[in-house]
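In what follows, a single structure is set out as structure tokens and then discussed.
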């Protein structure tokens, strides 16, 4: 099993309200030494004072090795992590982070279309910076509930109206999927992050137009099941003991293992942190995590037990 997270101590050096309900944090090493390098699309694990772990996209400048920037949306109906960031953290406080890691790499291309929905702008900001530096042609379509809720609008405006289109729903309506597909069909590689509804709609439209290879998305929650996933009960074989477990349709493999008395390390339980990564010895996983690379997924050798299931009736795990 691989270790995907390097623990680093950092200090909160700046907190700024970027929009209604969106707080950005600047993190630096306590001695101001350089932090590990990263590439656009990367994220970190933020370990909060309560020991809660949450994953946030890096949205600063990859060429600035002295500081990381993240932005956190306050989610009233969330699990409490964003509330802790907004109400409990203070400038000067020391925290631990894991990473950085990247499962949303920006591939080299001559032309990019960036599509952001709300807080989904965060992983796209450094991509835009890299595209601008490389001289590539690019366009950002940035949707949100209302202008006052959309972070980094002033920062993006510096690129000019010909490259950045701010499209609040209360002013411009919903993002035009037809226009997005048309731009992708013209040759633009599309990178999108935002709410599940937007990403699901884009996946469906791009698949229908046979443009799936030009769509790259980042989800804040586990992906929906594949068409040929085992929708009902799944059998998991534990290779070290030979024990077989029936996994109900409404329960994750991770939780079923725990209920059966097996201790499996985990943290985020959303397919992001990688702590529950487990070797697969037989069977085909249905990957719903946001961490494994396409090559790792294709190999079928590992899976995240918290969110992934199977395309075959049985999985044999190295447990």
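Side notes on the structure shown:
- Mean separation of Cα contacts under 8 Å, 6 or more apart, over the residue count of region 7-101: relative contact order %: 39
- Take every Cα pair under 8 Å whose residues are at least 6 apart in sequence, average their separation, divide by the length of the chain, and the relative contact order is 15 percent.
- Computed extension length for residue 208-residue 37: 57.8 nm, one decimal, from 0.36 nm per residue of separation with the Cα-Cα distance subtracted.
- Counting neighbouring beta carbons within 10 Å and listing from fewest to most, the residues 38, 138 come out as 38, 138.
- Stretchable slack from residue 74 to residue 177, in nm (0.36 nm times residue separation minus alpha-carbon distance): 34.3 nm
- Taking the convex hull of the alpha carbon positions in region 195-319 and averaging its projected area over all directions gives 7.6 nm².
- q = 0.10, 0.17 Å⁻¹, region 111-218: log10 I(q)/I(0) [Debye, one scatterer per Cα]: -0.24, -0.74
- Residue order, fewest to most surrounding Cβ atoms within 10 angstrom, among 182, 163: 182, 163
- Diffusion coefficient (Stokes-Einstein, Kirkwood radius over C-alpha pairs, 25 °C, 0.890 mPa s) for region 7-101: 185 µm²/s, rounded to a whole number.
- Gain upon complete extension [residue 108, residue 298; 0.36 nm per residue less C-alpha separation]: 66.2 nm
- Under the criterion of Cα pairs below 8 Å and six or more residues apart, the relative contact order for region 111-218 equals 33 percent.
- Label-point gap, in nm, between residue 233 and residue 14 - each point 7 angstrom along Cα→Cβ: 5.7
Rule-based calculations on the coordinates, nothing more; no lab input. The shown structure was predicted, so the numbers you read here are calculated from the model rather than taken from an experiment. Here the Cβ is made from the backbone with ideal geometry for all residues, glycine too, and neighbour counts use every protein chain on show.
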